[in-house]
Amino acid sequence: MQDNNKSPQKKGFDLKAITKTKGFSAFTAALLAIVLGLIFGFIVMIFANPDRAMAGFRYVIFGGLGRFGDVLYFATPIMMTGLAVGFAFKMGLFNIGASGQYTMGMFFAMYVGFMWDLPTGLHWVVAIFAGMIGGMLWGFIPGIFKAALNVNEVITSIMFNYIGMYFVDMWVQSNATMYIASKSCTNYLPSSVQIPSLGIAGSNVNFGIIFAIITAIILFIVLQKTTFGYELKATGYNKYASDYAGMKGKRNIVVTMMIAGGLAGLGGAFAILAPSAIAGSSMTYEPINIIAANGFNGIAVALLGSSNPLGIIFSATFISHIQRGGTLANLVGFKPEIIDVVIAVIIYFSAFAMIMNSTLAKFIKTRFGKKGTVLPNANSETKEAK
């Protein structure tokens, strides 16, 4: 006769189950890559200037805390380009053309800002959407080449970085309203097209960071909770199986690249439409035939965030944080490029951090697993023995 009054057993802390989750693995892999990258950067600082290595390293780690507004401002565009790269990667596509999409989105936003006369409350909104459309256009072309002709998207998208950059520089320099030849840069944007500021003194941070975070959350929901997101991920895992299941792989390729391009275009719009900390001025663009670095920084952000939209929020903020700290390292005699070395090493380690992470996880489970593992029910053990 069964005892119905038996109280249920309390579940203990199951460390083994936690360490097996994908979220834990991704987090520890990124953390491991960051720690190793920072250690390597510190070693480089010691070789460069032993006496001031610790002071420079403190600036790298903590310098961004005193410039939090700038951290958020510079995190906004790389967060968007990171989302552009990460979203395409979920589909199994390597969108290395985020720089061109970013630049094209920046130009479309500037064009609306300079050439369209709209009310103040509407002008910057239209300019942001114009930036998104510019990026979508520049993402559509590699997408259609991939879907229709199976041309590798890495080749087409990286070439469109150059094409987009040269087009934008040519268009800007041929527009007398936009370009000031004596200063070799664009004119100041009207105040009506500048995104409202968040009010942090001495900083360009604005509502763009809020829009970027909301966009990342929406992307996470789309990928995790919708049929469309499931189709994208399924196609990325195995396009042949997804085609057999009736999913429209070619359409998904084009749509994915357009969405990715639109995200990068938004990053360009957020960057150029930001209000300047100097009254009466704004952000400007210099047509100097150099590909936008924010597009390639987005690749680093996506890799560090494991292409997870929520992870990209934190990785973009972290990259921006150490970049701001790195610019302060020159106060003690270090070149700002030292932070580029640190970021490069972090990304290098993140590429194979999952392998090191699995080794670390095995060590943790071996060392602490007995204390955290829940013992099976005694009755079930008896039944199995019988």
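The values are calculated or read from the model by the stated rules, or taken from the named source; none is laboratory data. Quantities reported herein were computed from a predicted structural model and do not represent experimental measurements. A quick note on method: Cβ atoms are made from the backbone with ideal geometry, for glycine too, and the neighbour counts reach across all protein chains shown.
Computed values, structure above
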| quantity | calculated |
| --- | --- |
| Counted residues, the stretch 1-56 - those being more than 30 Å from K335 (Cβ to Cβ), surrounded by 14 or more Cβ atoms within 10 Å (Cβ to Cβ) and modelled with pLDDT of 60 or more | 5 |
| Any hit, the stretch 194-210, residues being among the aromatic types (F, W, Y) and touching a residue at least 60 places away in the same chain (Cβ under 8 Å) | no |
| Which numbered condition A292 misses (of (1) under 22 Å from the mean Cα position of the chain (by Cα); (2) over 16 Å from M132 (Cβ atoms); (3) surrounded by fewer than 24 Cβ atoms within 10 Å (Cβ to Cβ)) | (3) |
| Residue identified as in contact with a Lys or Arg (Cβ under 6 Å, 6 or more places away or on another chain), under 16 Å from M258 (Cα atoms) and part of a helix (DSSP H, G or I) among A130, A147 | A147 |
| F74 vs. criteria within 20 Å of G131 (Cβ to Cβ) and out of contact with any strand residue (DSSP E or B) (no Cβ under 8 Å at 6 or more places or on another chain) | yes |
| Flag if T235 is of a type in the set (S, T, N, Q), closer than 20 Å to G262 by Cα and either part of a helix (DSSP H, G or I) or touching a Leu at 6+ places or on another chain (Cβ under 6 Å) (or both) | no |
| Tally of residues being part of a loop (DSSP other than H, G, I, E, B) and β-branched (V, I, T) across the stretch 81-120 | 1 |
| Residue within the stretch 99-118 that is touching an Asp or Glu at 6+ places or on another chain (Cβ under 7 Å) and modelled with pLDDT under 95 present | no |
| Residue satisfying all of: in the stretch 199-213; part of a loop (DSSP other than H, G, I, E, B) and of a type in the set (A, V, I, L, M, F, W, C); surrounded by the most Cβ atoms within 10 Å (Cβ to Cβ) among these | V205 |
| Neighbours by Cβ (under 8 Å, 6+ apart or cross-chain): first from the stretch 90-116, buried (at least 24 other Cβ atoms within 10 Å of the Cβ); second among the β-branched types (V, I, T) and assigned to a loop (DSSP other than H, G, I, E, B) | S99/I291; G100/I291; T103/I291 |
| The lone exception for V151 - which of (1) modelled with pLDDT under 95; (2) surrounded by 17 or more Cβ atoms within 10 Å (Cβ to Cβ); (3) of a type outside the set (F, W, Y) it fails | (2) |
| Subset of the stretch 150-179 (residues that are in a helix (DSSP H, G or I), touching a Phe, Trp or Tyr at 6+ places or on another chain (Cβ under 6 Å) and of a type in the set (S, T, Y)) | T156 |
| Sole exception among (1) farther than 13 Å from V342 by Cβ; (2) out of contact with any Phe, Trp or Tyr (no Cβ under 7 Å at 6 or more places or on another chain) for T81, by number | (2) |
| Selection count where residues are without any contact (Cβ under 8 Å) to a residue 60 or more places away in the chain and of a type in the set (S, T, N, Q), scope the stretch 229-260 | 2 |
| Count of the stretch 217-243 residues which are of a type in the set (G, A, S) and either loosely packed, with under 15 Cβ neighbours inside 10 Å or more than 21 Å from the chain's Cα centre (by Cα) (or both) | 3 |
| Only one of S315, S306, S276, S320 that is of a type in the set (S, T, Y), in contact (Cβ under 8 Å) with a residue 12 or more places away in the chain and out of contact with any helix residue (DSSP H, G or I) (no Cβ under 6 Å at 6 or more places or on another chain) | S276 |
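Listed here are the residues, each with its yes/no results for (1) part of a helix (DSSP H, G or I); (2) crowded, with 22+ Cβ neighbours inside 10 Å.
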position	(1), (2)
A260	yes, yes
G265	yes, yes
T284	no, no
F296	yes, no
A302	yes, yes
F314	yes, no
G326	yes, yes
V341	yes, no
I346	yes, yes
